[in-house]
Amino acid sequence: MKTLQVDLGARSYPIYIGAGLHRDAEVFARHITARQVLVLTNDIVAPLYLESTLTGLGGKRIETVVLPDGESYKTIDSAMQVWDRLLRSKFSRNACLIALGGGVIGDLGGFTAACYQRGIPFIQMPTTLLAQVDSSVGGKTGVNHPLGKNMIGAFYQPLAVLADTETLTTLADRELSSGLAEVIKYGLIRDPEFFCWIEANVERLLHRDAEALAFAIERSCINKAEVVSADEHESGVRATLNLGHTFGHAIETAAGYGTYLHGEAVAIGICMATDLSIRLGWLSREDGVRIEELLRRARLPVRLTSALSPHRILDLMAVDKKNVDGRLRLILLRAIGEATLPMEIAAESVRATLEQCLPPLKGGRSH
């Protein structure tokens, strides 16, 4: 088992990376002092890992909430189900919530924990590659709104993150590739040596080589932890973690939550950010080719397959959390391994990229 630390003073916490952590009674005992525990999971993860997780929790008073799987269930209505169970079970403010699942469960679990009685302890137990390398670390929690992804939420740090590599053995191939989008992102924004390593080892990752996956998770978490420790509330360098996400979130919302997995939308968004970076003269075309080729090799989409209106995408991008006073601000690239801080970009330049990268609408309409 590897242990990393997210250094945030009194809110610091460990990230454990290893096999079998979901049933590790010793790790649970180290962080859960409360007698009352609620485990939040979904109907895909529950048949695989819920029973053994409950066994590891021992003699706690345990409640479980099992939600349907999917991004479309990351909503206030789902949060209400969790709060209802906590209240009906008379759980106190020192109760602990465990989020056992992928990014949707982690975001939703953290948000419900942050709000219940103004905050109860929670533990992240990510079961997808994407959640293990990204969403479980850093304290971003929230739910979606019909007008925008992750628009309702809070910064709320967990007690610990337990990244159990054993859960990746049951992960669908499409979900594994989705997680690789976030792994590749770390190489693009700040770790060019890691990007080169991914280029050399992407097939090992796709074939679930245990050593390669463990290294990729550890290196990704080191990058994420360093950025979060330097900028917990995304006032500066942490924003670079959103490379491709402003485009990606707009795509997820416009296409309908669940049409594209988060990592798939981010991969398309990274290609759009790459196109815009080249268009502005910051990134070389050679680097652009390398980026798109690696995403393809990771079995990720690099273009949308369904036509969406550039006008609609721009409208959705306008409500991105990085924007200031209605002005569009994006994370772009100057080189592989070097991202910009949020920069104000003219809507005309963004529209040119969208028209280049989006399939044409029927009849040639663009709005």
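For the range 298-333, the set of residues classified as assigned to a helix (DSSP H, G or I) and not β-branched (Val, Ile, Thr) consists of Pro310, His311, Arg312, Leu314, Asp315, Leu316, Met317, listed by residue number.
So in the range 170-188, with the set limited to residues that are of a type in the set (A, V, I, L, M) and crowded, with 24+ Cβ neighbours inside 10 Å, which one is farthest from Pro301 (Cα to Cα)? Please lay out each step first, then the result.
At the first step, the residues of the range 170-188 found to be of a type in the set (A, V, I, L, M) are 171-172, 176, 180-181, 183-184, 188.
So of that shortlist, the ones also crowded, with 24+ Cβ neighbours inside 10 Å come out as 180-181, 183-184, 188.
Working: Leu180: 12, Ala181: 10, Val183: 15, Ile184: 14, Leu188: 17 Å.
Result: Leu188.
Look at Thr64 and say whether it is assigned by TED's automatic domain parsing to the domain that holds Ala34, part of a helix (DSSP H, G or I), of a type in the set (Ser, Thr, Tyr) and within 16 Å of Ile123 (Cβ to Cβ). Working first, answer last.
Values: assigned by TED's automatic domain parsing to the domain that holds Ala34: yes; part of a helix (DSSP H, G or I): no; of a type in the set (Ser, Thr, Tyr): yes; within 16 Å of Ile123 (Cβ to Cβ): yes.
No; evaluated as a whole, the condition is false for this residue.
Counting only residues that are under 14 Å from Ala239 (Cβ atoms) and β-branched (Val, Ile, Thr), which one in the range 316-333 is nearest to the chain's Cα centre (by Cα)? Taking the candidates together, the pick is Ile331. Residues in the range 1-32 that are in a helix (DSSP H, G or I) and either within 19 Å of Phe215 (Cβ to Cβ) or touching a helix residue (DSSP H, G or I) at 6+ places or on another chain (Cβ under 8 Å) (or both): Leu21, His22, Arg23, Ala25, Val27, Phe28.
Condition check: surrounded by 20 or more Cβ atoms within 10 Å (Cβ to Cβ), at pLDDT 95 or above and either assigned to a helix (DSSP H, G or I) or within 12 Å of the chain's Cα centre (by Cα) (or both). Does Val137 satisfy that? For Val137, the condition - surrounded by 20 or more Cβ atoms within 10 Å (Cβ to Cβ), at pLDDT 95 or above and either assigned to a helix (DSSP H, G or I) or within 12 Å of the chain's Cα centre (by Cα) (or both) - is met.
Scanning the range 264-293 for residues that are closer than 18 Å to Tyr186 by Cα, surrounded by fewer than 22 Cβ atoms within 10 Å (Cβ to Cβ) and among the β-branched types (Val, Ile, Thr) turns up just one, Val289.
Scanning the range 236-257 for residues that are aliphatic (A, V, I, L, M) and under 13 Å from the mean Cα position of the chain (by Cα) gives Leu241, Leu243. Tallying residues that are out of contact with any Gly (no Cβ under 6 Å at 6 or more places or on another chain), modelled with pLDDT of 95 or more and more than 24 Å from Gly56 (Cβ to Cβ) within the range 145-169 yields 1.
Within the range 155-169, identify whether any single residue is part of a strand (DSSP E or B), surrounded by fewer than 19 Cβ atoms within 10 Å (Cβ to Cβ), touching a residue at least 60 places away in the same chain (Cβ under 8 Å) and of a type outside the set (S, T, N, Q), and answer yes or no. Spell out how you get there, then give the answer.
The initial filter retains those residues of the range 155-169 that are part of a strand (DSSP E or B), namely 155, 161-164.
Among the residues that remain, those that are also surrounded by fewer than 19 Cβ atoms within 10 Å (Cβ to Cβ) are: 155.
If we keep only those that are touching a residue at least 60 places away in the same chain (Cβ under 8 Å) as well, we get 155.
Retained after the next criterion (residues that are of a type outside the set (S, T, N, Q)): 155.
Yes; the residues of the range 155-169 include at least one that is part of a strand (DSSP E or B), surrounded by fewer than 19 Cβ atoms within 10 Å (Cβ to Cβ), touching a residue at least 60 places away in the same chain (Cβ under 8 Å) and of a type outside the set (S, T, N, Q).
Pairing each residue of the range 77-95 that is more than 23 Å from Pro146 (Cα to Cα) with any residue that is charged (D, E, K, R) and not in a helix (DSSP H, G or I), provided the two are 6+ apart or on different chains, yields C-beta distances under 7 Å for Arg85/Glu63; Ser89/Glu63.
Check Leu283, Leu295, Leu276 and return the single one that is in contact with a helix residue (DSSP H, G or I) (Cβ under 6 Å, 6 or more places away or on another chain), over 13 Å from Gln356 (Cα atoms), among the aliphatic types (A, V, I, L, M) and assigned to a helix (DSSP H, G or I).
Just one listed residue meets the conditions, Leu295.
Out of Leu159, Leu176, Leu147, report the one residue that is among the aliphatic types (A, V, I, L, M) and in contact with a Pro (Cβ under 7 Å, 6 or more places away or on another chain).
On the way: Leu176 fails: in contact with a Pro (Cβ under 7 Å, 6 or more places away or on another chain); Leu147 fails: in contact with a Pro (Cβ under 7 Å, 6 or more places away or on another chain).
The unique qualifying residue is Leu159.
Checked against (1) in a helix (DSSP H, G or I); (2) in contact (Cβ under 8 Å) with a residue 40 or more places away in the chain, Gln117 passes all but a single condition, namely (2). As a summary of the residue check, Ile44 satisfies the conditions (1) farther than 30 Å from Ala210 by Cα; (2) part of a loop (DSSP other than H, G, I, E, B); (3) at pLDDT 95 or above; (4) not polar (S, T, N, Q) except for the one numbered (1).
Here is a check on your reading of the model: is Thr274 over 20 Å from Gly153 (Cα atoms) and of a type in the set (Ser, Thr, Tyr)? Yes: the conditions hold for Thr274.
Run down Arg327, Arg296, Arg303 and say which single residue is over 26 Å from Pro146 (Cα atoms), assigned by TED's automatic domain parsing to the domain that holds Leu261, of a type in the set (Lys, Arg) and surrounded by fewer than 18 Cβ atoms within 10 Å (Cβ to Cβ).
Working: Arg327 fails: over 26 Å from Pro146 (Cα atoms); Arg303 fails: over 26 Å from Pro146 (Cα atoms).
Every option except Arg296 fails the conditions.
Looking only at the range 348-367, which residues are at pLDDT below 90 and part of a helix (DSSP H, G or I)? Matches in the range 348-367: Lys362, Gly363, Gly364.
The values are calculated or read from the model by the stated rules, or taken from the named source; none is laboratory data. The shown structure was predicted, so the numbers you read here are calculated from the model rather than taken from an experiment. Glycine also receives a Cβ, built like all others from the backbone with ideal geometry; neighbour counts cover every protein chain displayed.
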